[in-house]
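Reviewing the structure listed below.
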């Protein structure tokens with residue numbers, strides 16, 4: 001990191017913590033991904049979400065721990081003042097983030113949910129993250145964790161790669177019976193498997209496992 005970047009980053013983080021972090025990011029023209037939202041939702045931390053589950057969208061600010069290295073279709077965000085990352089996915093698989101965003105300060109807007117993640121999906125995420133085959137095969141149990149479904153993401157700083165653009169919804173229709181599923185344009189990959197439905201918001205107050213996968 002450039003010598004002057006750290007003070008600037010700390011200043012931005014301090015500015016976010018004293019007001020609405022999403023609106024601060026908008027005003028400072030950070031890189032934006034996803035839907036255009038007002039950003040007026042309240043900023044919350046993981047403990048606040050666990051103790052008082054929100055009924056609407058919220059904002060979280062922190063440092064990006066990691067990003068899916070296949071398409072940028074998920075990321076891990078360590079909220080300010082916390083240690084464990086929150087797993088962030090993007091609403092309706094409609095947008096992705098740059099794969100080189102790890103280490104950047106970011107603000108996300110959306111809805112926290114509790115979900116049970118299957119062994120298959122945990123291994124899928126581990127593969128996306130570049131884990132070794134041994135690490136992937138060591139995953140043998142499903143887990144419950146807090147996830148965040150973001151509809152809008154703001155990321156600080158320049159030099160970010162252009163994100164992968166998902167295919168239009170009509171391109172994701174199931175293949176006719178007897179034919180192979182269509183690959184996503186330019187990737188040779190098929191869409192990720194569907195996950196189990198998320199648990200109800202009332203379960204957010206339970207003790208959660210938010211350890212990274």
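No lab work stands behind these numbers, since they all come straight from the coordinates. Small disclaimer: the values here were computed from a predicted structure and weren't measured. Note that we place each Cβ from the backbone using ideal geometry, even for glycine, and neighbour counts take in every protein chain shown.
Taking the beta-carbon count within 10 Å as an exposure proxy, list 111, 51 from fewest neighbours to most. Don't skip to the end; give the middle numbers.
On the way: 111 18, 51 10.
Neighbour counts put them in this order, fewest first: 51, 111.
In what order do 22, 164, 33 fall by count of nearby beta-carbon atoms within 10 Å, going from fewest to most?
In increasing order of surrounding Cβ atoms, one gets 164, 33, 22.
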Practice task
Sort the stretch 79-133 into rounded, prolate or oblate with this rule: let a ≥ b ≥ c be the square roots of the eigenvalues of the Cα gyration tensor; rounded if a/c is under 1.5, and if a/c is not under 1.5, prolate when a/b is larger than b/c, oblate otherwise.
Solution key: rounded
Practice task
Compute the Cα gyration tensor for the stretch 58-102, then decide on rounded, prolate or oblate, letting a ≥ b ≥ c be the square roots of its eigenvalues: rounded whenever a/c is under 1.5, prolate when a/b is larger than b/c in the other cases, and oblate in all that remain.
Solution key: oblate
Problem - Ranked 121, 60, criterion: other C-beta atoms within 10 Å, fewest first - result: 121, 60
